[in-house]
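Enquirer: Please find one structure pasted underneath; my questions will follow.
The values are calculated or read from the model by the stated rules, or taken from the named source; none is laboratory data. Given the structure is predicted, the values throughout are model-derived calculations rather than measurements. Please note: Cβ atoms are built from the backbone with ideal geometry, for glycine as well, and neighbour counts cover all protein chains shown. Only protein heavy atoms, including side chains, enter the accessible area calculation; ligands, DNA and RNA are left aside. Shrake-Rupley method; radii C 1.70, N 1.55, O 1.52, S 1.80 Å.
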4 protein chains.
Amino acid sequence: MSVFKGTKLTAALFGESHGEGVGIAVDGLPAGETVDFEELKAFAARRAPGRGDGVTKRKEADETEVLSGMLEGRTTGAPLALFIRNTDTRSADYAGLSRLPRPSHADYAAHIKYGGNNDIRGGGHFSARLTAPLCAAGGIALQILARRGVSVCARLLSVGSVSDFAPFESPGDFAHIKAGGFPVLSRGAEDAFRAEIESARTEADSVGGIVECVVFGLPAGLGGPLFGGIEGKLSHALYGIPAVKGVEFGGGFALAAMRGSDANDAFTVKEGEAVTATNRSGGIQGGITNGMPVVFRAAFKPTPSIGKKQRTVDLQSGEEHDLVIKGRHDPCVALRAVPVVEAVSALAALDLVL
Amino acid sequence: MSVFKGTKLTAALFGESHGEGVGIAVDGLPAGETVDFEELKAFAARRAPGRGDGVTKRKEADETEVLSGMLEGRTTGAPLALFIRNTDTRSADYAGLSRLPRPSHADYAAHIKYGGNNDIRGGGHFSARLTAPLCAAGGIALQILARRGVSVCARLLSVGSVSDFAPFESPGDFAHIKAGGFPVLSRGAEDAFRAEIESARTEADSVGGIVECVVFGLPAGLGGPLFGGIEGKLSHALYGIPAVKGVEFGGGFALAAMRGSDANDAFTVKEGEAVTATNRSGGIQGGITNGMPVVFRAAFKPTPSIGKKQRTVDLQSGEEHDLVIKGRHDPCVALRAVPVVEAVSALAALDLVL
Amino acid sequence: MSVFKGTKLTAALFGESHGEGVGIAVDGLPAGETVDFEELKAFAARRAPGRGDGVTKRKEADETEVLSGMLEGRTTGAPLALFIRNTDTRSADYAGLSRLPRPSHADYAAHIKYGGNNDIRGGGHFSARLTAPLCAAGGIALQILARRGVSVCARLLSVGSVSDFAPFESPGDFAHIKAGGFPVLSRGAEDAFRAEIESARTEADSVGGIVECVVFGLPAGLGGPLFGGIEGKLSHALYGIPAVKGVEFGGGFALAAMRGSDANDAFTVKEGEAVTATNRSGGIQGGITNGMPVVFRAAFKPTPSIGKKQRTVDLQSGEEHDLVIKGRHDPCVALRAVPVVEAVSALAALDLVL
Amino acid sequence: MSVFKGTKLTAALFGESHGEGVGIAVDGLPAGETVDFEELKAFAARRAPGRGDGVTKRKEADETEVLSGMLEGRTTGAPLALFIRNTDTRSADYAGLSRLPRPSHADYAAHIKYGGNNDIRGGGHFSARLTAPLCAAGGIALQILARRGVSVCARLLSVGSVSDFAPFESPGDFAHIKAGGFPVLSRGAEDAFRAEIESARTEADSVGGIVECVVFGLPAGLGGPLFGGIEGKLSHALYGIPAVKGVEFGGGFALAAMRGSDANDAFTVKEGEAVTATNRSGGIQGGITNGMPVVFRAAFKPTPSIGKKQRTVDLQSGEEHDLVIKGRHDPCVALRAVPVVEAVSALAALDLVL
């Protein structure tokens, strides 16, 4: 199911990497919301390839066509459908891959599921290209949230073994990232991250990374107990992004190594309001927002498509085979994923706020 | 929302820690399935308190009453409703807590959400007691899955800073855990884990832990791309367990620190079938099972209820206040959570298989 | 699926006619709502059998036990679970029915679906007895709606070939029905309806009927286009009531025989507001409420269980067979269904209002 | 919500009458299904205007573009997105309507819901034009069902006060309708229906009608009790079609006037199988299919857009006003709705079968 199903919002993704294009139909957006298309374009540009090193050489025009749901610059309340036509697609690069599933790619599992009928060109419907319409829809959600005092800000926390633990306090700390800068909070991190990525590229390899996201401005009292908790809803949405293999909230896995007396967020009074002195709960307690920033992280595995020789199995002959993947691939999907995490989180957050 | 909503299965949890009892209504179970109640009782006993050290002293009879959905020992196809009456509940322990939210507990967030109407005795609907009916329903799901060749096996991977990385190969490696033994794979780990828990208890503190779970026997081809992926569905279900703050699949967060050439699972041929030589994907690629064991981990924060003095805010006076929580509490919820993770994973896995 | 799935409300029905009892778990009710149990009892009494002629002789105590979700007379926001134990159940009456499916009953279809494992005693989970917990939950929804200015009022519009077309204007016109009187709007109708029912009973037969329901007080703007329309949601809910075979809104099927110039509801001004001069749309246009009363009707087939000799097929021998159904059966389910329609409509309306 | 949400299938409709176009994204279709586009075109032509009298003069090319989900003539298993660009749209016809809601149209209710931001040109998202993508998707579902032995056949049962009660036995009886003929079962009905429609047109009026639909070939055992019943699911889907105000199954409302001894479907043996001698249950008992044809009817109100002078209210001035609607409108939407009912029923039936 390629559909995000919120309580109020439903977003149906469609399209393939090397087909007509990729798109999304979003149902349940409020009516009368203006969309700043320049801002949207700038947001989409943050994930688009062709921005220099660290990302694939493939250039995409990524002109987003509004198929429905807007009139004179405002949402009408009817479903908003967006479509981005594919232009620069070289299918030849992928010829012959049909019999040789790429390790850790969706190829093999999809081949079994769809009986060999799935479009394998460029990963087809499993391509990271599907994050383009996600960013278009999520970018609009970001604008709607901003008017309601909610900011969704993400950054690259780590690439390979290098991390940037620079702290943050408010949306302002992310301003340069929103403006299109390299998505880190400490200046020094950019060089270290770029070096890590470049090193992987040079070796025809790839490298993983972690994206951290913060939602500022959500009121206390959203969410609910058990299967209705914020963590469950957000993680379900985040795992919708290709290559995510881990999601944690607040202290996350580190909490498992702590004592309660260290992990607990003591309450204190600030400007007359009850707040927590620390935020290891990530703004969520009992599945419900407590008014503190909602903080979470998504772990991205290294791009499975690498130039290095790998072993696979020929699905027709049933024999083992060497595989060298050609074509243009991001050595680090986590870098491009920063705005994607913002986009998906914005869709989930907007669904909570509506 | 306290309801697990699968594609075929819907499981509605209800009840409070200190009310009449706790229960669950499961819709969509196949008809004609026998239930071994002795086995179910043994399974429930694995999470029940009162089993020695490491768990709260509170004793629960935990007699599960079948309210509907069974006839002559078989499921009828109608909703299966289970109810467990509360017996040993000492409300007095919780008196006075209404004004003083416990740090990192649901108290404050729930107070805001429900306008102060929620039942705060023992955590009410947010209590870990709700995992009792989850285990009852999940225990039945486990039996149904077993008949279909699917095994769900969990173990305690870490407690505080101590870990047990002993490897596993098949469901047989978990046999002693299923039989009620301490849920670790290497003998030595039991003592180390018990020591860690006992140390926390002695200091009126608590400690976190990680539970690892493996689903053996799922065929390749289950799940789907994007928001329909196995990871999203399973994580949504797992976050339904109180105290979970992180969920990862296969290599999880460790993958983010790796190179693609190390992280990718090369395909190889084994007994004529295409399998992967390693399983860092955790049995899931592109959101779809690939026939390998599905492996994931859930991080449990330390029990927020600790005996140590903490700071909180009096919700009526608005002033800061010391808090010392009395009553009986597990120093390590992760220990008791092992069968709960199995139970919830079984519900999610059964939904995939049906 | 025995679960009502609204946007905010989820209500899971469970239980069997001759098992432990029948119940419902309702998730999503607002917190802090008081419940008048005397009023609830009076409401439930309107559907309970044993109120004189027209209904089955079977007596049910129908003591509703609150299993969870309430504290000191108020809803807590946690799931509200209600249970009604079965008392007066004579299984012997149903002995031998397992091989002989009753015509137009669920017996045969359920036998196929559940492979013969379903509980056939008294219809099991398909029994009209399941409407008891529906009424309990719906009765609470009615009280919550009343505080929000919404009234749900139903009446018996026809029994067999006799109809009561007396018009109505406001909730006040239904006051005597709410007070427990015979559910008709014109005095004369009671005798005619009773006679029709008594005639069917005397002949060991049954008779159908139509229930009309009006929801007063819903604001304009609820619902949505296409599959999100009010008609679709309400009809889905209403078909959840056993024996309903038709649902129509406003003019309904009669509109199909009309000209647009007769069917259209002209707008006019009343007390400064735009209203419609007629209400053939039943308060819904384009799937959205227009502020007029929402009017709909549900057609109930005659009780399939009749004393008259019928033809059926022995499922074991595969041969045709005579069947005479013994036991106590309502000759007209539509009469008892009046509060059930109110209850289900209240759940659906509350879901819209929340 | 413009989204059909089945258990396996999700179909998201989008688009407006006078915007870029109309489309649908269908998630959950099986992979490897061929699509006969000639057949699909012929099916779509059955609803398209411009086929002679009885339908609006507006001509639509209705070229359906496949945006995603197909490769070399087969479904890939990824979401199938279809788009139909609008061409012949004369917005001028609708100028000035924004202040004057058309009686019994969605105008007023939508104006309230969307705060005046909705696209009112030609009804926008509420236009019958949205049935074009429904037919495209449903037409594909029909082809997939046909391969599984399921036929969905509809006919015009009545127009205004004229009815065609000609009986049917098998899909063959509908062959001439499938081939594009006038959708009636008795020859004589065509003239009578055309006369009724022509009479309405001549008087600048419109007329309602009833569409009857039969699903042949569904196995026994699909569906479920209470809110999971076939009637609820199908009616929810059918009310997704604009102008439907009533839905009934089998005998429907007529059953309410009958005795049980007349209404019940006696079981009998035919070719060694248990079948019912009559089919007043419409193939559904207890919400579950019983193996007989599933029969239902949808009542369509007269087209609300009529040329006759009507009364409405000016939403800006708040005063009553005369209204004469110009533009091209079907005098009888029920006629064009015949394939639309087939299409929607096919989507719902395919969801049951998968």
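Enquirer: Quick test of your reading of the structure: C:Gln316 fulfils all but one of (1) more than 10 Å from every other protein chain (Cβ to nearest Cβ); (2) over 24 Å from the mean Cα position of the chain (by Cα); (3) at pLDDT 95 or above. Name the failing condition by number.
Expert: Looking at each condition in turn, C:Gln316 falls short on (3).
Enquirer: Give the residue that is nearest to B:Gly224 (Cα to Cα), with candidates limited to residues of region A:99-115 that are without any contact (Cβ under 8 Å) to a residue 40 or more places away in the chain and more than 7 Å from chain B (Cβ to nearest Cβ).
Expert: A:Tyr114
Enquirer: Hey, among A:Gly122, A:Gly138, A:Gly181, which residue is of a type outside the set (A, V, I, L, M), open to solvent by less than 40 Å² (accessible area, probe 1.4 Å) and away from every other protein chain (no Cβ under 14 Å)?
Expert: After applying the criteria, what remains is A:Gly181.
Enquirer: C:Gly160 versus (1) on the phi > 0 side of the Ramachandran plot; (2) modelled with pLDDT under 95: which is the lone unmet condition?
Expert: Failing condition for C:Gly160: (2).
Enquirer: Kindly evaluate B:Ser104 against the criterion of being out of contact with any Phe, Trp or Tyr (no Cβ under 8 Å at 6 or more places or on another chain) and surrounded by fewer than 24 Cβ atoms within 10 Å (Cβ to Cβ).
Expert: The answer is no for B:Ser104.
Enquirer: Could you grab the pairs with beta carbons closer than 7 Å, sequence gap of 6+ or different chains, first residue in region B:260-283 and over 23 Å from A:Lys245 (Cα atoms), second one open to solvent by 30 Å² or more (accessible area, probe 1.4 Å) and not in a loop (DSSP other than H, G, I, E, B)?
Expert: As it stands, the answer is B:Val269/A:Glu320, since those pairs meet every condition given.
Enquirer: State whether one or more residues within region D:262-270 are under 30 Å from C:Thr202 (Cα atoms), out of contact with any Cys (no Cβ under 9 Å at 6 or more places or on another chain), within 7 Å of chain C (Cβ to nearest Cβ) and surrounded by fewer than 24 Cβ atoms within 10 Å (Cβ to Cβ).
Expert: Looking through region D:262-270, at least one residue is under 30 Å from C:Thr202 (Cα atoms), out of contact with any Cys (no Cβ under 9 Å at 6 or more places or on another chain), within 7 Å of chain C (Cβ to nearest Cβ) and surrounded by fewer than 24 Cβ atoms within 10 Å (Cβ to Cβ).
Enquirer: In region B:105-129, which residues are assigned to a loop (DSSP other than H, G, I, E, B) and among the hydroxyl-bearing types (Ser, Thr, Tyr)?
Expert: The answer is B:Tyr114, B:Ser127.
Enquirer: State whether one or more residues within region D:145-160 are part of a loop (DSSP other than H, G, I, E, B), surrounded by 22 or more Cβ atoms within 10 Å (Cβ to Cβ) and hydrophobic (A, V, I, L, M, F, W, C).
Expert: The answer is yes, given that some residue of region D:145-160 is part of a loop (DSSP other than H, G, I, E, B), surrounded by 22 or more Cβ atoms within 10 Å (Cβ to Cβ) and hydrophobic (A, V, I, L, M, F, W, C).
Enquirer: Then there's this: Which count do you get for residues in region D:261-290 that are out of contact with any strand residue (DSSP E or B) (no Cβ under 7 Å at 6 or more places or on another chain) and not in a loop (DSSP other than H, G, I, E, B)?
Expert: The number of residues fulfilling the criteria is 6.
Enquirer: While we're here: Does region A:323-330 contain any residue that is in contact (Cβ under 8 Å) with a residue 12 or more places away in the chain, farther than 27 Å from A:Val26 by Cβ, part of a loop (DSSP other than H, G, I, E, B) and open to solvent by less than 10 Å² (accessible area, probe 1.4 Å)?
Expert: Within region A:323-330, none of the residues are in contact (Cβ under 8 Å) with a residue 12 or more places away in the chain, farther than 27 Å from A:Val26 by Cβ, part of a loop (DSSP other than H, G, I, E, B) and open to solvent by less than 10 Å² (accessible area, probe 1.4 Å).
Enquirer: What tally of residues in region C:18-42 results from selecting those that are more than 18 Å from the chain's Cα centre (by Cα), aliphatic (A, V, I, L, M) and more than 9 Å from chain B (Cβ to nearest Cβ)?
Expert: Of the residues in region C:18-42, 2 are more than 18 Å from the chain's Cα centre (by Cα), aliphatic (A, V, I, L, M) and more than 9 Å from chain B (Cβ to nearest Cβ).
Enquirer: If you don't mind, there's one more thing I want to ask. Have a look at C:Gly172, C:Gly149, C:Gly122 and point out the one that is over 19 Å from C:Val211 (Cβ atoms) and in contact with a His (Cβ under 8 Å, 6 or more places away or on another chain).
Expert: C:Gly122
Enquirer: From (1) modelled with pLDDT under 90; (2) touching a strand residue (DSSP E or B) at 6+ places or on another chain (Cβ under 7 Å), pick out the condition that doesn't hold for B:Arg58.
Expert: Tallying (1) modelled with pLDDT under 90; (2) touching a strand residue (DSSP E or B) at 6+ places or on another chain (Cβ under 7 Å), B:Arg58 fails exactly one: (2).
Enquirer: Keeping to region B:201-224, report how many residues are at the interface with chain A (Cβ under 7 Å from one of its Cβ atoms), crowded, with 24+ Cβ neighbours inside 10 Å and closer than 21 Å to B:Ala274 by Cα.
Expert: The qualifying residues number 1.
Enquirer: Being surrounded by fewer than 24 Cβ atoms within 10 Å (Cβ to Cβ) and over 28 Å from the mean Cα position of the chain (by Cα) is the filter; apply it to region A:277-312 and report the residue that is nearest to the other protein chains (Cβ to nearest Cβ).
Expert: By that ranking, first place goes to A:Arg311.
Enquirer: Could you look through region B:2-17, keep only residues that are part of a loop (DSSP other than H, G, I, E, B) and open to solvent by 10 Å² or more (accessible area, probe 1.4 Å), and pick out the one that is farthest from the other protein chains (Cβ to nearest Cβ)?
Expert: The selected residue is B:Gly6.
Enquirer: Restricting region B:18-50 to residues that are closer than 30 Å to D:Leu354 by Cβ and touching a Phe, Trp or Tyr at 6+ places or on another chain (Cβ under 6 Å), which is surrounded by the most Cβ atoms within 10 Å (Cβ to Cβ)?
Expert: B:Ala25
Enquirer: Residues that are of a type in the set (A, V, I, L, M, F, W, C) and at the interface with chain D (Cβ under 9 Å from one of its Cβ atoms): does region C:144-153 have at least one?
Expert: No - not one qualifying residue is present in region C:144-153.
Enquirer: On to the next question. Can you go through D:Ala132, D:Ala141, D:Ala92 and tell me which one is under 30 Å from D:Ala192 (Cβ atoms) and either modelled with pLDDT of 95 or more or assigned to a helix (DSSP H, G or I) (or both)?
Expert: The match here is D:Ala132.
Enquirer: Next question, about the same structure. Can you list residue pairs whose Cβ atoms sit under 7 Å apart, with the first residue in region A:178-204 being in contact (Cβ under 8 Å) with a residue 40 or more places away in the chain and the second being assigned to a helix (DSSP H, G or I)? Count only pairs 6 or more apart in sequence or on different chains.
Expert: If the second residue must be assigned to a helix (DSSP H, G or I), the pairs left are A:Gly180/A:Ala42; A:Gly180/A:Ala45; A:Pro183/A:Ile177; A:Pro183/A:Val338; A:Ile197/A:Leu335.
Enquirer: Counting residues that are over 30 Å from B:Ala11 (Cβ atoms) and over 13 Å from the mean Cα position of the chain (by Cα), which helices (runs of 4 or more DSSP H) fully inside region A:173-245 reach at least 3?
Expert: The helices (runs of 4 or more DSSP H) meeting that bar are A:175-178, A:187-202.
Enquirer: Condition first: assigned to a loop (DSSP other than H, G, I, E, B), of a type outside the set (A, V, I, L, M) and under 27 Å from A:Ser158 (Cβ atoms). Now tell me which residues in region A:291-322 satisfy that.
Expert: Passing the criteria: A:Pro293, A:Lys301, A:Pro302, A:Thr303, A:Pro304, A:Ser305, A:Gly307, A:Lys308.
Enquirer: Search region A:135-146 for residues that are closer than 12 Å to A:Val340 by Cβ and pair each with any residue that is open to solvent by 10 Å² or more (accessible area, probe 1.4 Å) and β-branched (Val, Ile, Thr) when their beta-carbon atoms are under 8 Å apart and the residues are at least 6 apart or on different chains.
Expert: A:Ala136/A:Thr64
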